[in-house]
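FYI, it's all coordinate maths here, none of it is from the lab. This one's a predicted model, so the numbers in the text were calculated from it and none came from an experiment. Glycine also receives a Cβ, built like all others from the backbone with ideal geometry; neighbour counts cover every protein chain displayed.
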């Protein structure tokens, strides 16, 4: 019963989100992702309350580190960089990747304090399934809009 209430609440807030922010696709997707993960992992109310702050913090921190690595790579003019600067940049990127790895280790440790190990293991598959569904939906919508043009 609690699970159904949680899912219904999530769907309700999703609907409100869609109605209030028609142009904010990222928020819509995030809301759908929350509902999807909550349902597929069969999170209890207590698990969900403890899980989502950990998950969201990791997502934010990981995204910031990914952006840092991307910024380092895109600012490189390979034709003009000196060997010394290239080596320094490689070292800097290695440190960023190491930071990402340590962040992931901490995330896994934190998840195991609020979820059973089986749900932690299932999380990656559920996330991948969600991404695949979103990609398929995008292809379907994008393909259909091209055909009608």
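At q = 0.20 Å⁻¹, what is the base-10 log of I(q)/I(0) for region 43-146 according to the Debye formula with one equal point scatterer per Cα and no solvent? Please give it to two decimals.
Debye curve over Cα of region 43-146, log10 I(q)/I(0) at q = 0.20 Å⁻¹: -1.03.
Measure off 7 Å from each Cα along the Cα-to-Cβ vector at residue 112 and residue 28, then give the distance between these two points in nanometres to one decimal.
3.9 nm
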